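Quick notes on the structure that follows.
The values are calculated or read from the model by the stated rules, or taken from the named source; none is laboratory data. If you're wondering where the values come from, they're calculated on a predicted model, not measured in any experiment. Quick reminder, even Gly has a Cβ in these numbers, built from the backbone with ideal geometry, and neighbours come from all protein chains shown.
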Amino acid sequence: MPAALDDIIHLFEELPESERRGLLVHYADSARHCAPQPGETFDLEDVRKDEECTDTVGIHLRVDENNHASFRVSLGHEVQTLTRAMTAILCKGLHGTSPEEILALEADFVPRLIGAELVRQRSQTVYYVLGRMKAALTVWRNRRRAASTEPDHQS
């Protein structure tokens with residue numbers, strides 16, 4: 001478990017249900033800070049609207065020379081509050097983590113963040129952003145492997 005994500009989870013676990021929901025709304029409101037900024041470049045961008053989401057979601061991935069991943073996420077106006085909250089939590093909690101750590105991360109931490117009741121009510125929503133982030137990392141990793149195994153065609 002990445003330390004920053006673990007810290008966020010522990011914060012949520014210490015709160016009563018009403019305060020937990022308020023903190024989720026706060027994170028949802030801060031999701032706009034996770035959007036790509038003008039001039040930023042990414043190693044992979046995956047922008048699309050999936051059936052299980054109410055609007056377009058863009059996953060923007062950058063992996064630095066030290067193998068630390070960071071995400072920016074663009075969200076359409078109709079994206080639900082819980083998806084926005086998970087976006088902000090994951091962008092903050094996974095920042096600087098290696099792709100391998102993120103790909104190995106089990107989603108069992110999600111109920112610890114939002115509570116079992118919201119997981120039951122919104123089961124697809126709460127796992128959506130993490131799934132998209134992992135998918136982007138898988139594509140990035142596969143492209144990187146393919147590029148490193150291509151023969152050098154320089155004369």
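Look at segment 44-64: where a residue is in contact (Cβ under 8 Å) with a residue 24 or more places away in the chain and a partner is among the aromatic types (F, W, Y) and in a strand (DSSP E or B), sitting 6+ places away or on another chain with Cβ atoms under 9 Å, you get I59/F71; H60/F71; L61/F71. Does at least one position in segment 25-36 carry a residue that is closer than 18 Å to G115 by Cα, surrounded by 15 or more Cβ atoms within 10 Å (Cβ to Cβ) and in contact (Cβ under 8 Å) with a residue 60 or more places away in the chain? Yes, because at least one residue in segment 25-36 is closer than 18 Å to G115 by Cα, surrounded by 15 or more Cβ atoms within 10 Å (Cβ to Cβ) and in contact (Cβ under 8 Å) with a residue 60 or more places away in the chain.
Within segment 63-76, being over 12 Å from I102 (Cβ atoms) and either crowded, with 18+ Cβ neighbours inside 10 Å or within 12 Å of the chain's Cα centre (by Cα) (or both) holds for R72, V73, S74, L75.
Of all the residues in segment 1-58, those that are assigned to a loop (DSSP other than H, G, I, E, B) and β-branched (V, I, T) number 3.
Per-residue answers, yes or no, for (1) at pLDDT 90 or above; (2) part of a strand (DSSP E or B):
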{"site": "L61", "(1), (2)": "yes, yes"}
{"site": "S70", "(1), (2)": "yes, yes"}
{"site": "A88", "(1), (2)": "yes, no"}
{"site": "C91", "(1), (2)": "yes, no"}
{"site": "E100", "(1), (2)": "yes, no"}
{"site": "T125", "(1), (2)": "no, no"}
{"site": "Y128", "(1), (2)": "no, no"}
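All conditions in (1) surrounded by fewer than 16 Cβ atoms within 10 Å (Cβ to Cβ); (2) touching a strand residue (DSSP E or B) at 6+ places or on another chain (Cβ under 9 Å); (3) not acidic (D, E) hold for H10, with the sole exception of (2).
So in segment 74-86, with the set limited to residues that are polar (S, T, N, Q) and under 17 Å from D46 (Cα atoms), which one is modelled with the lowest pLDDT?
The extreme case among them is T83.
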